[in-house]
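To start, the structure itself, in structure tokens.
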Amino acid sequence: MLANQIGYYSLILGLLSSFLLCAISIKDFNKNNKGVNQKIFTLSFLQLTFVVVSFLSLILSFINSDFSNETVFNNSHTTKPLFYKISGTWGNHEGSLLLWLLVLTLFIFLFLIKSREQPKKYRILTLLFQQIIIIGFFLFVLMTSNPFNFLFPTPNEGLGLNPILQDPVLAIHPPILYLGYVGSSIIFSASLAAVTQNYISKEWGQHIKKWVLASWIFLTIGIMLGSIWAYYELGWGGFWFWDPVENVSLMPWLTLTALLHCTLVLERRNDLTSWVVILSITTFTLSMCGTFLVRSGILNSVHTFASDPTRGIFILIFLFILIFLSLGIFFLFHKENNKDSNSFFWLSKETSILINNWFMMYFLAVVLIGTVYPIFIDVISVEKISVGPPFYHKLITPFLAPFLLFMAFGSKLKWIKSKIEEKKLLIMFFIISVTLTFIILENITTDLLFYTVLISAAFFLFFTTLKELFLKKFNNISQTIAHFGFSLFILAVLFNSILSSEIITNIKVGEKYNYNKSEIFFKKIEEKQESNFNSIVGYFKITDENSKVTWLKPELRFYNQPITITSEADIKTTLLDDKFLVMNLVKGNEYFNIRYQIKPFMIWIWISILLISIGGLLSLFKKKYEK
Amino acid sequence: MYGKKVKLRFVFLVLILASVILIVFLVLQSLKENVVYFQSPTEIKSLVELDKKKIRVGGMVKEQSVFINSNEVNFIITDFKNEINVIYSGAVPNLFSEGKGVVAEGFLKDKNYFLATKILAKHDENYMPPEVKEAIGDK
């Protein structure tokens, strides 16, 4: 009760401090003092504190199961374990927006502390732009999705959290992903401020690179966590489904990756200035679009909580204001910085980074069209369509091979002008890659040519980066690790998709199912009881062709609040493969529908993504780019 | 004559234009091939010609219509005006049950039989895909 009030009023105080901050910073902007006024720091800290207090009081309401709070009532239940009571705070629309706000205010405060060496006017402008976004979100939360709505009379019991969200990975997935999404807001504000001050320069490049890297790392890990969750919880046995909601998080990742590479050019060569600004604007716009698409109920998925049209319209209007504001500023203030931007030879690091950008933009276009086209068709006609995975595979995979080759070559090139070194070694690697691929693939796939090209390219990148890792001094380790991780990722994904096998069948308790000298034996079921669900555990004995026995125990959970059935897959992971078994109950029948999959190299997909993020992390902690 | 720089820019521009056109063409082409249309049982009944392409059918699973054996699940999708028999072998989502909304993806055998290759998982007991809602007229 009390927590509710405190939370609500401290949100309002947070909004007030936003207005106050704007007023003070505008006043401070024209003064000639050197540093930023101390009041601004204090206020920004105060604002952060208000939002933190508000967020904590929401968590407290969730822990105490205070059902006089509408959000708690809609998304919690007394029998839920404490951990999921807490994670339920951001497992819903209102709470997750409060988290957005928290990260927004946290980042601008960190920015103020971390940017002391930057020009004062630039810092104040960044703060102003960020406050515009923050005010927008404050208004959005207070007007359309207040997490502290009061319910009277107080209900005795809540409605419960969607059971498939009751999962440890999904408890940390939203905060991490948001750090990535919202991190792009700082890049957005900072690049607009830098444009108005004509401060897009090498120094700015070095300074903004840290922020780009930080949000890129969080976004990468956030997407990976979501993907891991989808893999074991949704029981489809894959890690990426080209679901609109996944695509929406992939799009800012693509632009952010492009931006990351561009800032390298900017900090070294003071070039590609407009491109950097455009990418910064696009990244944040795509993050906002993501929030809009997911929250408005246009896309149907787990992320779509109650859909309320006013929310969608609010975000849409806010989004348009931001886009017009940023484009306006860009065209009015941006001057191409010609004084020390020099042209570069066609064979140079700059070219290779540009090529990387072209590829990223192409991938972005494909994902964007695939995601938006069905919505577009729905708006202009009565037809309902969906775009499936074949669309993406067909358009993306052919471009992957050249992309990988450029990645292998490009990172070896020098700035301004370069020639290809170690030709013999590269040719040798190339031959090794092709023969190796051919030997591996000869007997396992029908689509030999297509896969040979792709996998050879991936192996080529794999060997070249591996060689760098072992032989070179550690002068560019972050990049090498990230690129090595990427080659590993592509290899794992490709072999995983070629070698996966799947059995789907309906089976009764006590029955056996035989295939290719292997056997699945459904021994028995056992019933279990937990505080908020009952479950059936199936015991499956799997004997493979080498008579090796694996026991898998998938589970069916019957949650009481809300009444939902979920299946928990049982997965046995080894370095070589994952054995994945999920069972479903077909209501009113004694048959259980089971799906058994062998997924080779599954763990390597996660390991490689971690490697890529570690590459980013190393770069973040490196003092300065070596000349 | 134009200078070398202008010439280079011209070549560059042509290259970019050509690749953009190529990409647009590629994307549109594969969109055409890979788009899956959604149809209700009533719409299928009124088809003049059977489509060979993959489609989605949505509606309610008719009560008492689910039959299951070791390799198939058979059921009827209804929009309360017309219905269609579905033959399916594959994984069944948890929320699939009689009297609930369903979306099946696959191919039409004829106007009365649908060979499903996938039944789409929905995550919430009360959630109804917008397509299904529309197909059964907000019932």
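So for the range A:613-623 (the condition being of a type outside the set (S, T, N, Q) and closer than 26 Å to A:Leu499 by Cβ), does at least one residue qualify?
Looking only at the range A:613-623, we keep the residues that are of a type outside the set (S, T, N, Q), and these are A:614-618, A:620-623.
If we keep only those that are closer than 26 Å to A:Leu499 by Cβ as well, we get none.
The answer is no; no qualifying residue exists.
Which of the residues belonging to the range A:20-75 are free of Cβ contacts under 8 Å to residues at least 60 places away in the same chain and either aliphatic (A, V, I, L, M) or not assigned by TED's automatic domain parsing to the domain that holds A:Asn156 (or both)?
A:Leu20, A:Ala23, A:Ile24, A:Leu43, A:Leu46, A:Val51, A:Val52, A:Val53, A:Leu56, A:Ile59, A:Leu60, A:Ile63
Of these, A:Val141, A:Val169, which one is surrounded by fewer than 18 Cβ atoms within 10 Å (Cβ to Cβ) and in contact with a Phe, Trp or Tyr (Cβ under 9 Å, 6 or more places away or on another chain)? If you could, list the steps in order and put the result at the bottom.
Values: A:Val141 fails: surrounded by fewer than 18 Cβ atoms within 10 Å (Cβ to Cβ).
Of A:Val141, A:Val169, the one residue that is surrounded by fewer than 18 Cβ atoms within 10 Å (Cβ to Cβ) and in contact with a Phe, Trp or Tyr (Cβ under 9 Å, 6 or more places away or on another chain) is A:Val169.
For the range B:61-81, name all the residues that are surrounded by 15 or more Cβ atoms within 10 Å (Cβ to Cβ) and either in contact with a Cys (Cβ under 6 Å, 6 or more places away or on another chain) or away from chain A (no Cβ under 14 Å) (or both).
Matches in the range B:61-81: B:Ile76, B:Ile77, B:Thr78.
Which pairs do you get when a residue that is within 11 Å of chain A (Cβ to nearest Cβ), found in the range B:4-31, comes within reach of a residue that is of a type in the set (Lys, Arg) and surrounded by 10 or more Cβ atoms within 10 Å (Cβ to Cβ), reach meaning Cβ atoms under 9 angstrom, with the pair 6+ apart or on two chains?
Close Cβ pairs (under 9 Å, with a partner that is of a type in the set (Lys, Arg) and surrounded by 10 or more Cβ atoms within 10 Å (Cβ to Cβ)) amount to B:Leu26/A:Lys394; B:Ser30/A:Lys394.
Looking at the range B:101-123, which of its residues are at pLDDT 85 or above and not charged (D, E, K, R)?
Those that are at pLDDT 85 or above and not charged (D, E, K, R): B:Ala104, B:Gly106, B:Phe107, B:Leu108, B:Asn112, B:Tyr113, B:Phe114, B:Leu115, B:Ala116, B:Thr117.
Could you list all residues from the range A:456-476 that are modelled with pLDDT of 85 or more, surrounded by fewer than 22 Cβ atoms within 10 Å (Cβ to Cβ) and closer than 18 Å to A:Gly616 by Cα?
Once the filter is applied, which keeps residues that are modelled with pLDDT of 85 or more, surrounded by fewer than 22 Cβ atoms within 10 Å (Cβ to Cβ) and closer than 18 Å to A:Gly616 by Cα, the range A:456-476 yields only A:Leu466.
For the range A:16-42, what are the residues that are closer than 16 Å to A:Ile113 by Cα and buried (at least 18 other Cβ atoms within 10 Å of the Cβ)? Spell out how you get there, then give the answer.
Step one: of the range A:16-42, the residues closer than 16 Å to A:Ile113 by Cα are A:21, A:25, A:34-42.
Selection gives A:Leu21, A:Ser25, A:Val36, A:Ile40.
Kindly evaluate A:Trp242 against the criterion of being under 14 Å from the mean Cα position of the chain (by Cα) and in a helix (DSSP H, G or I).
Details: under 14 Å from the mean Cα position of the chain (by Cα): yes; in a helix (DSSP H, G or I): no.
So A:Trp242 fails the test.
I'd like the residue in the range B:32-52 that is touching a residue at least 24 places away in the same chain (Cβ under 8 Å) and away from chain A (no Cβ under 11 Å) and, out of all such residues, is farthest from A:Val372 (Cα to Cα).
B:Lys45
Which residues, taken from the range A:1-19, are of a type in the set (A, V, I, L, M, F, W, C) and either free of Cβ contacts under 8 Å to residues at least 24 places away in the same chain or within 20 Å of A:Ile135 (Cα to Cα) (or both)? Talk me through it step by step, then tell me what you get.
Of all residues in the range A:1-19, those of a type in the set (A, V, I, L, M, F, W, C) come to A:1-3, A:6, A:11-13, A:15-16, A:19.
Scanning the range A:1-19 gives A:Leu2, A:Ile6, A:Leu11, A:Ile12, A:Leu13, A:Leu15, A:Leu16, A:Phe19.
Sort out for me the helices (runs of 4 or more DSSP H) sitting completely within the range A:61-159 that have 1 or more residues that are more than 24 Å from A:Gly312 (Cα to Cα) and over 22 Å from the mean Cα position of the chain (by Cα). Break it down stepwise before answering.
On the way: elements: A:70-75, A:82-87, A:93-114, A:120-144.
Hits in the range A:61-159: A:82-87, A:93-114, A:120-144.
Kindly indicate whether A:Leu449 is within 18 Å of A:His393 (Cα to Cα) and surrounded by fewer than 16 Cβ atoms within 10 Å (Cβ to Cβ).
Numbers: within 18 Å of A:His393 (Cα to Cα): yes; surrounded by fewer than 16 Cβ atoms within 10 Å (Cβ to Cβ): yes.
The answer is yes for A:Leu449.
For A:Asn146, all conditions in the list (1) surrounded by 20 or more Cβ atoms within 10 Å (Cβ to Cβ); (2) out of contact with any His (no Cβ under 7 Å at 6 or more places or on another chain) hold save one; what is the number of the exception?
All conditions pass for A:Asn146, except number (1).
Output yes when any residue across the range A:555-568 is more than 14 Å from every other protein chain (Cβ to nearest Cβ), of a type in the set (Asp, Glu) and farther than 30 Å from A:Leu620 by Cα, and no when none is. Let's see the steps before the verdict.
Step one: of the range A:555-568, the residues more than 14 Å from every other protein chain (Cβ to nearest Cβ) are none.
Checking the range A:555-568: not a single residue is more than 14 Å from every other protein chain (Cβ to nearest Cβ), of a type in the set (Asp, Glu) and farther than 30 Å from A:Leu620 by Cα.
Looking at the range A:422-437, which of its residues are under 10 Å from A:Phe463 (Cα atoms) and β-branched (Val, Ile, Thr)?
Matches in the range A:422-437: A:Ile432 only.
Looking at (1) surrounded by fewer than 18 Cβ atoms within 10 Å (Cβ to Cβ); (2) without any contact (Cβ under 8 Å) to a residue 60 or more places away in the chain; (3) closer than 18 Å to A:Thr505 by Cβ, which one does A:Leu556 not meet, given that it meets all the others?
(1)
So, of the residues in the range A:569-599 that are without any contact (Cβ under 8 Å) to a residue 40 or more places away in the chain and hydrophobic (A, V, I, L, M, F, W, C), which turns out to be farthest from the other protein chains (Cβ to nearest Cβ)?
Of everything passing the filter in the range A:569-599, A:Leu575 is farthest from the other protein chains (Cβ to nearest Cβ).
Quick grid of which residues meet (1) over 18 Å from A:Met583 (Cα atoms); (2) in a strand (DSSP E or B); (3) of a type in the set (Ser, Thr, Tyr):
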position	(1), (2), (3)
A:Gln479	yes, no, no
A:Ser487	yes, no, yes
A:Leu494	yes, no, no
A:Ile498	yes, no, no
A:Asn506	no, yes, no
A:Glu519	no, yes, no
A:Ile525	no, yes, no
A:Lys528	no, yes, no
A:Ile542	no, yes, no
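Select, from A:Ile503, A:Ile520, the only residue that is in contact (Cβ under 8 Å) with a residue 12 or more places away in the chain, buried (at least 18 other Cβ atoms within 10 Å of the Cβ) and within 14 Å of another protein chain (Cβ to nearest Cβ).
Values: A:Ile503 fails: buried (at least 18 other Cβ atoms within 10 Å of the Cβ).
Going through A:Ile503, A:Ile520 in turn, the sole match is A:Ile520.
The values are calculated or read from the model by the stated rules, or taken from the named source; none is laboratory data. Predicted model, so just to flag it, every value in this text is computed and none were measured. Virtual Cβ from ideal backbone geometry, glycine too; neighbours counted across all protein chains shown.
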